[in-house]
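**Student:** Quick one: the structure is below, questions incoming.
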Amino acid sequence: MQRQGVDRLVQAALAMVMASDSALREDSATPFQPGAASASAVFRRARSTSTRDDASARRLGLATLTFRVVLLAVAFPTLFALTVFAGMTSVREALSVGVLVAVAVLASARIASLWLQKRLATDLQLLSDVCRSIDGDRAHRESVVDTESGATLETRALLEDFESMAVRVEEAQDRLRDALAVGEELRAELEAMVGRREDEIRDRTAELQTANLNLERMVREDSLTGIANHRRFVEFAEQCWRICTREAQPVSILMVDVDHFKAFNDIYGHQAGDQCLRQVASTLASMSRRALDLSARYGGEEFAIVLGHVDVDDAVEMAEEARRSIEQLEIAHSGSPEQGRVTVSIGVATLVPHPETEVSTLISLADQALYRAKRLGRNRTERVPGAHGR
């Protein structure tokens, strides 16, 4: 009976040890899942766990050791007494049972210690995860700060570049203003120069026009008498001849010669002779009143008058008027045995232009009439009608 009781006690102790070990294994097999709890729960557990310092851990270890000693001190006498009461008269059997119970108690204490360590390790793991999360957040914030700092530095660099560009732009604007000022000065100088050149050009143009007029006058006018010269007479006679050819109108030419003019120069001198020629030319010019009329100095003391649209009778009448006007000038001429004053002889010729004739023919006829007037005694008018005369 006593032997069976001891066996039952031993089996009960072993069963308790195995049950405790199985419970510890089941608890150890369940891994810790930080994500299973809510963020607020994890934070609360992290805060509660973070308050445990090394002193708390030492106190926990001391309490566990004390629990083991007290358990042994209480459990061994108690089991020994129970063994005695159970009828175990043999001390050896009682000691065996006590040893087995002590082993069971120590095993239980060890299991409890391991369980406590496991719980502590779980809390420490949670704290470690929270710390790593905090470190990660801190690193993230530091990276954000670094990024913001980098962005700030980049922004500052851009601002400095913009300020530098603004300075360069202002300098360029200053240079441009200076260049514009110089350009304005150059433009003003150029305008003044152009104005001076334009004035000079206008003056030169006016001078050139005056010179051209003078040259034309010199080319077409006689320098002594101021009336048309021989060249102008030929041009005008040809022009009048062409006009009258188209219109089938007569053309008359008067050839005028101052009588005894060589003797006048010998007696009164060349200056008096020039003045005499100017007076004769002025009188003859007054006879040219129409567009197709022209008085010219033909050469020396000879003059010629072109009369377009004038027949031979009208031409002779005009020639007589001119002769009388010159005679009435009362220019003294002691070398003229007939009159004692300056007189002229006039030859008149008239033709209706024909394509087969030229103006030179008419001039030749008028010259023949002049020589006829001289042969007949001077101070007279003679005419040569010609083949087409009227």
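**Student:** Distance between the C-alpha centers of segment 277-347 and segment 190-265? Whole Å please.
**Tutor:** Segment 277-347 and segment 190-265 have Cα centres spaced 21 Å from each other.
**Student:** Between residue 357 and residue 291, with labels modelled 7 Å along Cα→Cβ, what's the label distance in nm to one decimal, could you check?
**Tutor:** 2.4 nm
**Student:** For 309, 260, give me the order by solvent-accessible area with a 1.4 Å probe, most accessible first, ignoring ligands, DNA and RNA.
**Tutor:** 309, 260
**Student:** Within the set of other residues whose C-beta is less than 12 Å from the C-beta of residue 382, count the net charge using Lys and Arg as +1 and Asp and Glu as -1.
**Tutor:** +4
**Student:** Indicate the gyration tensor shape class of segment 180-335 (rounded, prolate or oblate), computed on the Cα atoms with a ≥ b ≥ c the square roots of the eigenvalues: a/c under 1.5 is rounded; otherwise a/b larger than b/c is prolate and the rest oblate.
**Tutor:** It is oblate, given that a/c is not under 1.5 and a/b is not larger than b/c.
**Student:** Roughly how many nanometres apart are two label points built 7 Å out from the Cα toward the Cβ at residue 372 and residue 185?
**Tutor:** In this crude spin-label approximation the distance works out to 8.6 nm.
**Student:** At 0.36 nm per residue, minus the direct Cα-Cα distance, what do residue 243 and residue 364 gain on full extension? Give it in nm, one decimal, please.
**Tutor:** Between residue 243 and residue 364, full extension yields 41.6 nm more.
**Student:** Please give the contour-minus-distance gain from residue 330 to residue 219: 0.36 nm per residue of separation, less the Cα-Cα distance, rounded to one decimal in nm.
**Tutor:** Answer, rounded to one decimal: 36.8 nm.
**Student:** Within 10 Å, count the other beta carbons around each residue, average over each peptide in 231-238, 283-290, 265-272, and list them highest first.
**Tutor:** 231-238, 283-290, 265-272
**Student:** Where does each of 322-333, 207-218 land if you order them by average Cβ count within 10 Å, highest first?
**Tutor:** 322-333, 207-218
The values are calculated or read from the model by the stated rules, or taken from the named source; none is laboratory data. Note that the structure is a prediction, hence the values are computed from the model and not measured. Methodologically, a virtual Cβ is constructed for each residue, glycine included, from the backbone with ideal geometry; neighbour enumeration extends over all protein chains shown. What goes into the accessible areas is simple: the full protein's heavy atoms, side chains included, and nothing from ligands, DNA or RNA. Shrake-Rupley method; radii C 1.70, N 1.55, O 1.52, S 1.80 Å.
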